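Contents: one structure, followed by commentary.
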Amino acid sequence: MNYRLIFCLLLLVAMVGVVSADTLIVYSGYSGYIYALGSRVPFSTLRDATTGTVYTDEIDAGLLAGTITANSYNRLYRGYMEFNTSLLGSGATISSAYYSTPGDVLWLDLGSFDVALTAFNPATVGVDAVSGDYDGFSDTVFTDYLSSTGLSTSGAYNNNFTFNTDGKNSINKTGWSTYYIRTKWDITTNTTGLTWSGGKYSAFRTYIPSHKPLLQITYTTGGGSAPVAAFTCTKNFLRIPNSVTCTDSSTNTPTSWSWDMGDGSAAKTTQNVTYPYMKRGIWGITLNATNAQGSNVTPSASNVRVVGYENNG
């Protein structure tokens, strides 16, 4: 029996079956908390509010009890995070993900609680939240619950929330992924374990200026990578009415192109472009190359200087 041949065949099968996985770590681009503000109202009133007050220096998830009136509350906090996960590309397959955040302060005066991530659906993504985003949520839980009794406030990235299947499916491979961190009381409307005490908190806080939360995503690209945009142009000095020709040299096989010629004209969408400048000035050319795995933008190595009499006709 030819054992060497069998070994080589097994090695070849093993090599073909290997799919390398990549890891993407993204820190929150926008984060903070939104809280509903009442004046000694039932928990359900805060939970069902449609607007809130936005704060962007820290992330809080929790509850503040009102004073004087028993079983009344003043604030319900929902921490929000927005992550730009577009570098994954539409062809990525996500195998695992987790949300990690350092803790800053933990209050347990109203009892211990569990926290998890759910959807955050702001009116506009990629900007700070606004008051009307308070009720932009669903109660589908995207991660495991962590108990407040086990949360760390050491400032290290050791509060890790593992994404479940719904959570992995929620990650936007071509844009922003947005989440709320909320207490289980808020998510389920079940306030078991909540003990009223006037003027007291139960909440978990992350101080953002020091510790932005992160997403760590393990994925495969499904064969292929996003383009690396590149191009060359025939000249960087011309006199009206002459043209410049730019030739795409992007790698990783882009399938669409968008050229910004710098002078305010509409984008050109051919792979290569020949463009007649009609305005004097110094213009920078930019190419955005795209395929199923993502896109990449690059400017020209040098600007185009255009001189002569303007042709406005």
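The values are calculated or read from the model by the stated rules, or taken from the named source; none is laboratory data. In this text, all values refer to a predicted model and were calculated from it rather than measured experimentally. Here the Cβ positions follow ideal geometry from the backbone for every residue, glycine too, while neighbour counts run over all protein chains shown.
Go through the residues of the range 162-175 one by one and say whether even a single one is buried (at least 19 other Cβ atoms within 10 Å of the Cβ), in contact with a Phe, Trp or Tyr (Cβ under 9 Å, 6 or more places away or on another chain), among the basic types (Lys, Arg) and farther than 27 Å from residue 290 by Cβ.
Looking for residues that are buried (at least 19 other Cβ atoms within 10 Å of the Cβ), in contact with a Phe, Trp or Tyr (Cβ under 9 Å, 6 or more places away or on another chain), among the basic types (Lys, Arg) and farther than 27 Å from residue 290 by Cβ, one finds none in the range 162-175, hence no.
Scan the strands (runs of 3 or more DSSP E) fully inside the range 210-283 and keep the ones with 1 or more residues being β-branched (Val, Ile, Thr) and buried (at least 19 other Cβ atoms within 10 Å of the Cβ). Step through it out loud before you land on a result.
Values: elements: 214-220, 231-233, 237-239, 243-248, 256-260, 273-276, 281-283.
In the range 210-283, 214-220, 243-248, 273-276 are the strands (runs of 3 or more DSSP E) which contain 1 or more residues that are β-branched (Val, Ile, Thr) and buried (at least 19 other Cβ atoms within 10 Å of the Cβ).
Based on what the data block shows, is residue 104 more than 30 Å from residue 173 (Cβ to Cβ), modelled with pLDDT of 95 or more and over 20 Å from the mean Cα position of the chain (by Cα)?
On the way: more than 30 Å from residue 173 (Cβ to Cβ): yes; modelled with pLDDT of 95 or more: no; over 20 Å from the mean Cα position of the chain (by Cα): yes.
No, not satisfied.
Assigned by TED's automatic domain parsing to the domain that holds residue 31, in a strand (DSSP E or B) and surrounded by 19 or more Cβ atoms within 10 Å (Cβ to Cβ): which single residue out of 119, 97 fits that description? Outline the logic, then answer.
Numbers: 119 fails: surrounded by 19 or more Cβ atoms within 10 Å (Cβ to Cβ).
Going through 119, 97 in turn, just one is assigned by TED's automatic domain parsing to the domain that holds residue 31, in a strand (DSSP E or B) and surrounded by 19 or more Cβ atoms within 10 Å (Cβ to Cβ): 97.
Output the residue which, of all residues in the range 133-146 that are hydroxyl-bearing (Ser, Thr, Tyr) and surrounded by fewer than 19 Cβ atoms within 10 Å (Cβ to Cβ), is modelled with the lowest pLDDT. Outline the logic, then answer.
Step one: of the range 133-146, the residues hydroxyl-bearing (Ser, Thr, Tyr) are 134, 138, 140, 143, 145.
Among the residues that remain, those that are also surrounded by fewer than 19 Cβ atoms within 10 Å (Cβ to Cβ) are: 138, 140, 145.
Details: 138: 94, 140: 97, 145: 98.
If we take residues in the range 133-146 being hydroxyl-bearing (Ser, Thr, Tyr) and surrounded by fewer than 19 Cβ atoms within 10 Å (Cβ to Cβ), then 138 is modelled with the lowest pLDDT.
Filter the range 122-145 for residues that are under 18 Å from residue 168 (Cα atoms), outside any loop (DSSP other than H, G, I, E, B) and in contact (Cβ under 8 Å) with a residue 24 or more places away in the chain and give the result.
Residues of the range 122-145 under 18 Å from residue 168 (Cα atoms): 137-145.
Those left that are additionally outside any loop (DSSP other than H, G, I, E, B): 137-141, 143.
Residues satisfying the conditions are 137, 139, 140, 141, 143.
Going by what's in this entry, would residue 197 be described as under 23 Å from residue 107 (Cα atoms), among the polar types (S, T, N, Q), surrounded by fewer than 18 Cβ atoms within 10 Å (Cβ to Cβ) and touching a residue at least 12 places away in the same chain (Cβ under 8 Å)?
yes
When you scan the range 42-52, do you find a residue that is touching a residue at least 24 places away in the same chain (Cβ under 8 Å), assigned to a strand (DSSP E or B) and in the same structural domain as residue 195 (by TED's automatic domain parsing), even just one?
No, every residue in the range 42-52 fails to be touching a residue at least 24 places away in the same chain (Cβ under 8 Å), assigned to a strand (DSSP E or B) and in the same structural domain as residue 195 (by TED's automatic domain parsing).
Looking only at the range 66-89, count how many residues are touching a Leu at 6+ places or on another chain (Cβ under 6 Å), hydrophobic (A, V, I, L, M, F, W, C) and within 24 Å of residue 38 (Cα to Cα).
1
Please enumerate the residues belonging to the range 203-217 that are under 16 Å from residue 62 (Cα atoms) and of a type in the set (Gly, Ala, Ser).
Step one: of the range 203-217, the residues under 16 Å from residue 62 (Cα atoms) are 203-207.
Hit for the range 203-217 is 203, nothing else.
So, residue 149, is that one surrounded by fewer than 15 Cβ atoms within 10 Å (Cβ to Cβ) and either in a loop (DSSP other than H, G, I, E, B) or of a type in the set (S, T, N, Q) (or both) or not?
yes
For the range 299-308, state whether one or more residues are over 30 Å from residue 34 (Cα atoms) and under 25 Å from the mean Cα position of the chain (by Cα). Break it down into steps so the answer makes sense when it comes.
Start the filter on the range 299-308 by keeping residues that are over 30 Å from residue 34 (Cα atoms), which leaves 299-308.
Retained after the next criterion (residues that are under 25 Å from the mean Cα position of the chain (by Cα)): 299.
Within the range 299-308 (the criterion being over 30 Å from residue 34 (Cα atoms) and under 25 Å from the mean Cα position of the chain (by Cα)), the answer is yes, since at least one residue qualifies.
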